[in-house]
Structures are given as structure tokens and as C-alpha cells.
Amino acid sequence: MSRIHKGLAIVFWAMSAAVSAKAQQLLTLDEAVATALKNNYDIQLLRNDSAVYALNNSYAKAAFWPRVNATTGALFNHNNQNQKLADGTKRKASNIRSGNLNASVSLNWLVFDGLKMFVTKDKLAEYVKLGNLTIQNQVTNSIASVINSYYRIVKEKQQLRSIEEQMGINEERVKQAEKKLGVGLGAKPELLQAKLDLNAQKANKLLQQTLIEQVKEDLNQLLGFAQGTLYEVADSIPINKNIIVADVMNDASTSNTDLMLAKQNIQLAQLTLKERKAERYPTVSLLSAYNFNRTNNHSVINPFTPLFSQNYGFNYGISVNIPVFNNYNVKRQIKAAQLDLNYQQLVYDYKKFSTDIAISKAYKNYELQKKTLQLEEENLLLAKENVTIALERNRLGLTTILELRETQKSLEDAYNRLIQARYAAKQAETELLRLKGDLAKPE
């Protein structure tokens with residue numbers, strides 16, 4: 001293939017790549033986070049649980065209302081009777097028919113139960129808060145995962161550009177080796193080595209492109225996207241270099257979702273203890289009913305049995321249930337509730353202790369990554385300048401292939417360290433904000 005044909009093929013490939021990249025819509029980080037909050041399965045499951053809490057709380061006032069029940073029934077008899085009385089009289093009849101109709105409406109109103117109903121109502125409201133906090137905690141963790149996954153793709157894209165830059169250097173080496181060999185100033189091994197290095201970079205590029213597609217699938221899973229969804233991500237990784245550890249510590253005590261969940265569990269345990277203690281007190285209920293009963297006997301064999309009977313009327317009263325002895329069951333439940341309260345307090349203290357240590361470690365890592373990033377940015381500039389000088393010296397025949405490859409290796413290592421430093425700094429920043437509770441605020 002002639003050089004002109006090769007050039008046209010390269011131009012056509014570049015134009016096709018540009019059109020393909022343009023066809024893929026840019027997915028920003030904000031869009032990725034919004035999509036995850038909408039489609040993430042873990043969040044959807046927790047929202048369903050929270051909806052159950054909200055549903056139960058919406059009926060909390062029902063505990064204060066009376067219970068009203070209505071019953072009705074009809075009974076028809078078709079019997080044969082045979083009686084022998086104490087005085088020796090015998091009575092016998094067949095096909096004795098009778099009918100009975102009854103109906104009642106009863107009311108049972110619990111008016112005092114040791115204030116347990118009030119505690120239960122408050123507890124249902126606290127469960128709603130627990131559901132919201134559980135969602136918020138999952139949202140925080142999901143956002144952190146999306147950020148890390150999103151910038152992992154950006155990191156691998158930067159790695160791809162680094163490989164492409166290395167390919168450009170090797171292509172320049174091949175050109176220089178061909179020119180030197182053409183004028184009799186070079187050796188064929190130098191050209192062969194340059195081509196070998198170029199092919200190695202091409203292979204690395206293919207591997208890197210595959211890796212990018214693989215890490216995109218990880219993000220697709222977090223976002224609820226279909227497998228193979230095409231999109232592009234940003235090209236850079238912004239770093240917030242102004243996080244102060246004191247601010248993180250102060251805000252974490254009131255914003256960290258793990259700590260907030262632990263506090264909420266303490267509140268629920270306290271209410272459960274109040275519920276158990278309320279069972280020591282008597283319960284008072286108001287009772288009322290309206291009853292109707294009618295019996296119609298078509299025939300009787302006992303002269304004192306009425307042929308027709310009807311009763312109806314209203315009754316009311318009060319019922320008091322006083323707990324005297326129940327095998328120490330209430331005492332046992334109170335002790336169990338107190339132990340659970342102590343346990344939840346210990347859980348909170350442990351989480352507070354662990355969070356403080358995690359913030360301290362994360363901040364030290366954050367400071368280290370910022371310094372490392374600054375150092376690697378300087379190293380990359382030095383490595384680029386060194387390669388530029390080495391290529392010029394190689395063109396002039398003033399350096400060896402080993403020296404040139406060494407400078408290339410230094411540039412490659414500098415790129416790798418810089419790209420990793422950027423991603424590590426972003427991870428450290430994200431972890432600090434997650435611990436601070438700053439990734440997801442309550443709606």
C-alpha cells in the first residue's frame with residue numbers, strides 16, 4: 001500500500017472515530033448520580049421498606065379509636081322430640097319447627113393502657129425517620145460508589161491517552177530509524193526495536209479499550225443501565241484541595257448517616273422500654289352493645305315454652321383488667337428492653353469511635369495524595385522534556401536506543417503514577433465527604 005493510500009486510510013479512520021465518539025452522548029457525573037438515585041435497586045428496595053413504615057404511621061391514630069363489631073345470624077330447626085318428665089308424663093312430637101334471628105352491634109373502647117398507645121404512636125413516627133435515614137445512608141454509599149466508578153472510567157481513559165502518546169513517540173522513533181537507515185547512518189535492529197515497541201503499545205491500547213468497556217459495565221450496574229449502553233464520560237478528574245479536617249469532624253457528628261442511624265435506634269429502644277413498662281398498669285375499657293334476638297316456634301310440646309320470643313335493647317359498662325401475676329413475663333420483657341437499649345448505646349459509641357478514626361486516617365491519606373499529585377505533575381513535565389530532548393538527540397545521532405527507551409520508560413511511569421495519583425486523590429476526597437455526610441443531604 002502506498003503512503004498516499006495509508007494516509008487516506010488513517011484520515012478515514014480518524015473521521016470515523018470522531019463521528020462515533022460524537023454519537024455517544026456525554027454522561028456527566030451529576031447525571032450519573034441522578035440516574036443512580038432513580039434506578040439503583042438497593043435504593044428502590046429500601047424505599048419500599050420506608051413506604052411500609054409510612055403506611056403504618058398513617059394509621060397510628062387508630063390506636064385511640066374504639067373497636068366496633070356487628071354480628072348477625074339466623075337459625076332454623078326441624079326436630080323430633082321425645083320427653084319423659086319426673087311425674088311420669090310423656091310427651092312426644094315430630095316435625096317441630098322453630099326459627100331464631102339474632103343481631104348485635106358491640107363497642108369496645110380502650111381508654112387507658114398505661115399510656116402505651118401514646119408510646120406506640122410515637123414509635124411508629126420514629127420508624128418513619130428510621131426508614132428515611134436508611135434510604136439516606138444507602139444514597140450516600142451509592143453516590144460514593146458512582147463517583148468512584150465514574151472517575152475510574154476517566155482514569156482509564158487518561159491511561160488510554162497516555163498509551164496513544166507513547167505510540168506517537170514510537171511512531172516518531174520508527175520514522176527516525178527509517179531515515180537513518182535510508183542514508184546509511186542507522187542499523188536495522190534499531191528500526192526493528194522501534195517497530196516492536198510500537199506494536200507493543202498497540203496491543204496495550206487494545207487491552208486498555210477493553211478495560212474501559214469493562215469498567216463502564218460496572219457503572220451501568222450502579223445506574224441500572226442496560227448492558228452495553230454507550231456513552232462518554234468527562235476527560236478530567238477535579239480535586240477539591242480545600243477540605244479541612246476540623247469541619248469534617250464537626251459535621252460528622254450530626255450528618256454522618258451511620259451515626260444518625262445509630263442514634264435513631266437508641267430512640268426506638270427507649271420507646272420500646274416505655275412500652276414494656278406500660279404493661280405493668282391496669283387497662284380500662286368502655287363496653288357497649290345493642291342486641292336483638294327473636295325466636296319463633298311453630299309448635300311446642302312443653303306448655304311453658306313460648307311460641308314467640310323477642311328481646312332487644314342497649315347495654316353498657318366498664319371493664320378493668322389489673323395485672324397481678326403473669327409468671328414474671330413483664331419483668332423479663334422490661335429487662336430485655338433495657339439490655340437492648342444498652343446495646344444500642346454501645347453500638348453508637350463504637351460507631352462514633354470508629355468514625356473518628358476513619359476520618360483521621362482518610363484525612364491523612366487525603367493530604368498524602370494531594371502532595372503526591374503535586375509531585376507527580378512536576379515529574380511528568382520533567383519526563384516530557386527529557387523525552388523531547390532524547391528524540392532530538394536521537395535524530396542527530398547523539399544518543400543510543402537504550403538511552404531513548406529509558407527516557408520513554410520514565411515518561412510512561414510518570415504518566416502511570418500521575419493518573420493513579422489523581423484517582424487516589426479523588427477517592428480520598430470522596431471518602432472524606434462520605435464520612436462527613438456531605439454527599440447526600442436530606443430531601
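Looking at Asp122, Asp49, which one is touching a Leu at 6+ places or on another chain (Cβ under 7 Å) and assigned to a helix (DSSP H, G or I)?
On the way: Asp49 fails: touching a Leu at 6+ places or on another chain (Cβ under 7 Å).
On inspection, the qualifying residue turns out to be Asp122.
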Just give me the residues in the stretch 397-417 being surrounded by fewer than 16 Cβ atoms within 10 Å (Cβ to Cβ), over 20 Å from Pro189 (Cα atoms) and in contact (Cβ under 8 Å) with a residue 40 or more places away in the chain, in sequence order.
-> Asn416
Near pairs, Cβ below 8 angstrom, 6+ apart or cross-chain, from the stretch 184-211 (outside the structural domain of Gly168 (by TED's automatic domain parsing)) to any residue that is not in a helix (DSSP H, G or I) and not β-branched (Val, Ile, Thr) | none
Scan of the stretch 192-229 for residues that are farther than 28 Å from Ile169 by Cβ, surrounded by 13 or more Cβ atoms within 10 Å (Cβ to Cβ) and of a type in the set (A, V, I, L, M), ordered by number | Leu219, Leu222, Leu223
Consider Asn394 carefully, then state whether it is more than 30 Å from Val146 (Cα to Cα), free of Cβ contacts under 8 Å to residues at least 12 places away in the same chain, assigned to a helix (DSSP H, G or I) and not aromatic (Phe, Trp, Tyr).
-> no
Mind listing whichever residues of the stretch 348-383 are buried (at least 16 other Cβ atoms within 10 Å of the Cβ), out of contact with any Ser or Thr (no Cβ under 6 Å at 6 or more places or on another chain) and over 25 Å from Asn240 (Cα atoms)?
-> Tyr348, Lys351, Lys352
Kindly establish whether Ser94 is part of a strand (DSSP E or B) and touching a His at 6+ places or on another chain (Cβ under 8 Å).
-> no
Could you please find all residues in the stretch 361-382 being in contact (Cβ under 8 Å) with a residue 40 or more places away in the chain and of a type in the set (Asp, Glu)?
-> Glu376, Glu377
The stretch 226-243: number of residues that are at pLDDT 90 or above, of a type outside the set (Ser, Thr, Tyr) and either part of a helix (DSSP H, G or I) or more than 20 Å from Ala424 (Cβ to Cβ) (or both) = 1
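Take the conditions under 27 Å from the mean Cα position of the chain (by Cα), outside any helix (DSSP H, G or I) and not assigned by TED's automatic domain parsing to the domain that holds Ile318 and apply them to Ile266. Does it pass?
Values: under 27 Å from the mean Cα position of the chain (by Cα): yes; outside any helix (DSSP H, G or I): no; not assigned by TED's automatic domain parsing to the domain that holds Ile318: yes.
Here the answer is no, as Ile266 does not meet what is asked.
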Flagged in the stretch 307-329 as exposed (fewer than 10 other Cβ atoms within 10 Å of the Cβ), modelled with pLDDT of 90 or more and more than 30 Å from Arg276 (Cα to Cα), in numbering order, are Gly313, Phe314
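The values are calculated or read from the model by the stated rules, or taken from the named source; none is laboratory data. Keep in mind it's a predicted model, so treat the numbers as computed, not measured. Glycine gets a Cβ as well: all are built from the backbone with ideal geometry, and neighbour counts include every protein chain shown.
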